[in-house]
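**Q** My questions will all concern the structure given below.
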Amino acid sequence: MPPSVAAADAGGSDAGTPQGALQVEVQNRAVTLRWEEDEWQFHCLTLRQNRADKAKPVEGVFCVKKSTQTTLTIGDNPAAPGVDFSWSAVGEFGHGPATWKLRGGTQYGLTPNDVAQGTLTLGPHFNGPCSGAGATATGLTEWHAKAPVKLDIAVVVSVAARQNVDIATPEIWIDSVTAKGSPAPGGTLAFSYTFDTPGMYTVEVNNQGGGAILNCAVYVGAAVPLIPVEITGGAGLSGPPSPTQLAAMRKKLLDLTNQERETVGLGPLVLDDKLNEIAQYHSQQMADENFFGHTDKKGMGPGERAKLHGFAGPVGENIASNGSVEGAHNGLYWSAAHRSNMLGKTWGRAGFGFAKGADSKNILVTENFSTP
C-alpha cells in the first residue's frame, strides 16, 4: 500500500478537494489535512462543531510548528515523524457536520489572517492493520471522495488464510467475496469489489483460525475520518472481576450487541447461564494459561468446550482483548467476520466471559452465541 492516498476517485477525475481549500490524505493510523501554499509562514486550523449533548460548541485550534508547513496530521503517535497531534486532540468532537477556518501569520501560534474556511463532515477513523506480518495488500486505497468506486485488490499472505474475504459495509451487513488465487502461505488472493455507498467499509482477510491478518478501512464519500473508533480505551481490570462486575459487564455487552442487532431489524439476544459459564471458562483459561485464541493449548475449540460443559447446541464464538467492554465491542464490531457472528440471524441466546489478562489490565472477553 502506498504511504498515503490523495482524495480522488478510482479514475482520478476528482480534484481531491471535497471541502474547499482542504485536501484529505488517509494512511494507516493517520489522517492528513492539506492546503495550498500561500504567503504566510505559519498556519492554524480551527474546527468548530455544534453538538446536542454539549452546552457550548466544541472548538479545537491546531497550529503547525514548522515554517511553511502546509499539512496537519492527526494520528496514533504525535512523536512520530510528520504527526502533529494525537487522536485525543479531537476527542471532544463527534460524528457529523463541522466548520473549519484556516488562518495564517508570521509567527507560530499567532495567525490573525483568514486564509480559507468551509464546512466538512467528521466521520469515523479505524486503526485496523492495513498490512503487517500476515498480509500485504495492493490496490486497497483508503480514501475516495465519491461513490461508487471499484477496486482491484491483491493480498499476499504469509500465513494460511481463508479463501473468502469479508467486507463490513456502511449498512452494517457483511459481504463475503470469494477471492481467486491461493490462500496458502506465500500465495496471493485477488478480488474486485465495488464500494457503492458513501461511508466506511472494512476489508478483512482472516487466517484459518478466524483471526484477522488484514483489516483495512476504506472511506468513500466526503466525510473526513477524524473521529477514531475507540478500541483501546478504558481502565481495564486490576484483578479478577467480582460477581457484581461480571453481571454489570455482561449487561453492558448485551446492550451494545442488541443495539447493533436492532439497527438491522434483528431480534434481541438473551443471556443464557450455560453460555455464560462456557464463555467465562474460556476467558479464565486464556488468562491462566497466557494465550489468546479460539483453540486452547490442548487443541480444544468452541464446540469441544460446549460439549465439556454439557451444551449440545451450536456455538459461535468471538474473543477480544481490550481495556474496556466498549473497546472490546467496537473492535469486534469493526471486524467483519466477528460482526457477522454478532449479527447471526439464527442466534437467540448469548453468554459472555471476562477475565484479567495475565500481563496487563486488559479484559479478556469471550462471546458465545447459540440458537433460541
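The values are calculated or read from the model by the stated rules, or taken from the named source; none is laboratory data. Here the structure is a predicted model, which means the values were calculated and not measured. Cβ placement follows ideal geometry from the backbone for every residue including glycine, while neighbour counts extend to all protein chains displayed. Calculation scope for accessible area: heavy atoms of the full protein, side chains included, ligands and nucleic acids excluded. Shrake-Rupley method; radii C 1.70, N 1.55, O 1.52, S 1.80 Å.
**Q** Does at least one position in segment 282-298 carry a residue that is under 17 Å from Gly209 (Cβ atoms), under 22 Å from the mean Cα position of the chain (by Cα), open to solvent by 40 Å² or more (accessible area, probe 1.4 Å) and among the hydroxyl-bearing types (Ser, Thr, Tyr)?
**A** Among the residues of segment 282-298, not one is under 17 Å from Gly209 (Cβ atoms), under 22 Å from the mean Cα position of the chain (by Cα), open to solvent by 40 Å² or more (accessible area, probe 1.4 Å) and among the hydroxyl-bearing types (Ser, Thr, Tyr), which makes the answer no.
**Q** So, of the residues in segment 322-365 that are among the aromatic types (Phe, Trp, Tyr) and out of contact with any Phe, Trp or Tyr (no Cβ under 8 Å at 6 or more places or on another chain), which turns out to be nearest to Asp273 (Cα to Cα)?
**A** So the first thing to find is which residues in segment 322-365 are among the aromatic types (Phe, Trp, Tyr), and the list is 333-334, 347, 352, 354.
Filter once more, so that each one left must be out of contact with any Phe, Trp or Tyr (no Cβ under 8 Å at 6 or more places or on another chain): 333, 352, 354.
Working: Tyr333: 24, Phe352: 9, Phe354: 14 Å.
My answer is Phe352.
**Q** Moving on to the next point. Within segment 125-146, is even one residue part of a strand (DSSP E or B), open to solvent by 30 Å² or more (accessible area, probe 1.4 Å) and aliphatic (A, V, I, L, M)?
**A** Initially, segment 125-146 is screened for residues part of a strand (DSSP E or B), giving 125, 131, 135-138, 143-144.
From what's left, open to solvent by 30 Å² or more (accessible area, probe 1.4 Å): 131, 136, 138.
Still in the running and aliphatic (A, V, I, L, M): none.
The answer is no, given that none of the residues of segment 125-146 is part of a strand (DSSP E or B), open to solvent by 30 Å² or more (accessible area, probe 1.4 Å) and aliphatic (A, V, I, L, M).
**Q** Could you check, for segment 88-98, whether at least one of its residues is buried (at least 16 other Cβ atoms within 10 Å of the Cβ) and either charged (D, E, K, R) or in a strand (DSSP E or B) (or both)?
**A** Scanning segment 88-98, I find at least one residue that is buried (at least 16 other Cβ atoms within 10 Å of the Cβ) and either charged (D, E, K, R) or in a strand (DSSP E or B) (or both), so the answer is yes.
**Q** Of all residues being part of a loop (DSSP other than H, G, I, E, B) and exposed (fewer than 15 other Cβ atoms within 10 Å of the Cβ) in segment 220-245, which is farthest from the chain's Cα centre (by Cα)? Just the residue, please. Spell out the reasoning first.
**A** Restricting attention to segment 220-245, the residues satisfying the condition of being part of a loop (DSSP other than H, G, I, E, B) are 221-223, 229-242.
After this cut, where a residue has to be exposed (fewer than 15 other Cβ atoms within 10 Å of the Cβ) as well, the list is 233, 235, 238-240, 242.
Working: Gly233: 13, Ala235: 20, Ser238: 26, Gly239: 28, Pro240: 28, Ser242: 30 Å.
Checked segment 220-245; the qualifying residue farthest from the chain's Cα centre (by Cα) is Ser242.
**Q** For Ala116, state whether it is aliphatic (A, V, I, L, M), within 19 Å of Glu59 (Cβ to Cβ) and either at pLDDT below 90 or assigned to a strand (DSSP E or B) (or both).
**A** Numbers: aliphatic (A, V, I, L, M): yes; within 19 Å of Glu59 (Cβ to Cβ): yes; either at pLDDT below 90 or assigned to a strand (DSSP E or B) (or both): yes.
Answer is yes for this residue.
**Q** Could you look through segment 185-210, keep only residues that are touching a His at 6+ places or on another chain (Cβ under 8 Å) and modelled with pLDDT under 95, and pick out the one that is least open to solvent (accessible area, probe 1.4 Å)? First the steps, then the outcome.
**A** Filtering segment 185-210 down to residues touching a His at 6+ places or on another chain (Cβ under 8 Å) leaves 195, 209-210.
If we keep only those that are modelled with pLDDT under 95 as well, we get 209-210.
On the way: Gly209: 52, Gly210: 11 Å².
This residue is Gly210.
**Q** Of Asn330, Asn318, Asn368, which residue is among the polar types (S, T, N, Q) and open to solvent by 10 Å² or more (accessible area, probe 1.4 Å)? Full working, then the answer.
**A** Working: Asn318 fails: open to solvent by 10 Å² or more (accessible area, probe 1.4 Å); Asn368 fails: open to solvent by 10 Å² or more (accessible area, probe 1.4 Å).
Going through Asn330, Asn318, Asn368 in turn, the sole match is Asn330.
**Q** Okay, moving on. Give the residues of segment 154-206 that are outside any loop (DSSP other than H, G, I, E, B), among the charged types (D, E, K, R) and closer than 30 Å to Leu122 by Cα, sorted by residue number.
**A** Taking segment 154-206 as the starting set, the residues that turn out to be outside any loop (DSSP other than H, G, I, E, B) are 154-157, 161, 164-168, 174-178, 180-181, 188-195, 199-206.
In the following step, the residues that additionally are among the charged types (D, E, K, R) were identified as 166, 175, 180, 204.
Those that are outside any loop (DSSP other than H, G, I, E, B), among the charged types (D, E, K, R) and closer than 30 Å to Leu122 by Cα: Asp166, Asp175, Glu204.
**Q** Sort out for me the strands (runs of 3 or more DSSP E) sitting completely within segment 270-372 that have 2 or more residues that are of a type in the set (Ser, Thr, Tyr) and in contact (Cβ under 8 Å) with a residue 24 or more places away in the chain. Outline the logic, then answer.
**A** Numbers: elements: 316-322, 349-356, 363-370.
By residue number, 363-370.
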